[in-house]
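Okay, so here's the structure we're looking at.
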Amino acid sequence: MEPARRNYIAELKETGRLVRLSAWRALMAMFQSDDLTYAASIGYYALLSLFPILLILISILGSVSAAESNRLAILAFVFRYFPRQFDFISAQLNAFQETPVRLGLGGSVALVWASLGVFNAISSAVNHAWGVEKQRNFFKHRLFSFLMLVTAGLLLLTALLLATTVQVVEARWFANIHLTSPQILLLKSLSVRYATLLLPAFVFGLIYYFVPHVEVLLKDVWLGALVTGLLWDAGLKGFSWFVRDTSRWTHIHGNIATVIVFLIWIYVSAVVLLWGVEFTAAYGTMRRDIRAAGAAQPSQ
């Protein structure tokens, strides 16, 4: 066997060992710290910030495009990342559309401030999982949360542009190719299928790289983001199967059963997110220790 091939196989085995060890250390770290409490706080603030964020997005979308089809495309895109369609969200979105809320400067500032709650919680939770001792001050923390809000809005606006582009292209000259080319049909089905995996992995990567108030290397992040994306996708499928029938929830929680399911799903997603933070921190630490140990060995 060639030396290069042996080295490549050895590196793969070492990476696999580090992944398994990092996954175990991340699991232990979650139960030995306050990560689960932080995950619950993310779920709480997500519910409080949900409708202010939606109201901001609807206002922006209304200025970009008033087409009903575009709003439906965004709804379909967003609900793809939930285990089921939550009726209370759709009902409130319809209420926003039927009765637009007009806000002044003070109301807009208050709305943005209310929207920052979930991003504040995510930032605090990620820094806690990394063991960051020197946190950002109050104003920098809020500014960073605002940047996270803007980034989330840009991602959804990008989704709007992509959805609109697909609708226009499919409705015109691309329709003939689409009907006669099975390769393009397969490409479209694969893009829809793997968007549920790749986009969350991309978002996790952004959070793991930019949110911690410490120096993080990109090569320590991408693997953790991909593993977390796979875990989150599996959790989405499992939770979707678990809540396929909400009658069991209705018997216990009554009319707020869908809200309870929503909170549980956000909590599960937050647990996966923080497990990924612990995984990334453990993986990066072990990689640096190995490099330091290799550099400390005397050359032969």
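The values are calculated or read from the model by the stated rules, or taken from the named source; none is laboratory data. This one's a predicted model, so the numbers in the text were calculated from it and none came from an experiment. Virtual Cβ from ideal backbone geometry, glycine too; neighbours counted across all protein chains shown.
With respect to the conditions (1) under 30 Å from Ser90 (Cβ atoms); (2) at pLDDT below 80, Ala293 falls short on a single one, namely (1). Does at least one position in the stretch 238-247 carry a residue that is touching a Ser or Thr at 6+ places or on another chain (Cβ under 8 Å) and at pLDDT below 80? Yes, because at least one residue in the stretch 238-247 is touching a Ser or Thr at 6+ places or on another chain (Cβ under 8 Å) and at pLDDT below 80. In the stretch 206-218, the residues that are crowded, with 17+ Cβ neighbours inside 10 Å reach residues that are of a type in the set (Val, Ile, Thr) with C-beta atoms within less than 6 angstrom, at least six apart or across chains, in these pairs: Tyr208/Val221; Tyr208/Thr280; Tyr209/Val216; Tyr209/Val221; Val211/Val126; Pro212/Val126; His213/Val132.
The rows are residues; the columns are (1) surrounded by 13 or more Cβ atoms within 10 Å (Cβ to Cβ); (2) in a loop (DSSP other than H, G, I, E, B); (3) modelled with pLDDT under 75.
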residue: Ser63; (1), (2), (3): no, no, yes
residue: Phe82; (1), (2), (3): yes, yes, no
residue: Gly106; (1), (2), (3): no, no, yes
residue: Ala114; (1), (2), (3): yes, no, no
residue: Ile122; (1), (2), (3): yes, no, no
residue: His141; (1), (2), (3): yes, no, no
residue: Val150; (1), (2), (3): no, no, no
residue: Leu160; (1), (2), (3): yes, no, yes
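Pairing residues of the stretch 22-38 that are on the phi < 0 side of the Ramachandran plot and in a loop (DSSP other than H, G, I, E, B) with residues that are of a type in the set (A, V, I, L, M) and surrounded by 12 or more Cβ atoms within 10 Å (Cβ to Cβ), at Cβ distances under 8 Å and at least 6 apart in sequence or on separate chains, gives Ser33/Ala129. Taken over the stretch 248-260, the criterion of being among the polar types (S, T, N, Q) and modelled with pLDDT of 80 or more is satisfied by Thr258 alone. I need a count of the residues in the stretch 232-242 that are among the aliphatic types (A, V, I, L, M) and either buried (at least 18 other Cβ atoms within 10 Å of the Cβ) or touching an Asp or Glu at 6+ places or on another chain (Cβ under 7 Å) (or both). Number of matching residues: 1. Residues of the stretch 206-253 that are within 24 Å of Val277 (Cβ to Cβ) and not in a helix (DSSP H, G or I): Val211, Pro212, His213, Val214, Glu215, Val216, Leu217, Val221.
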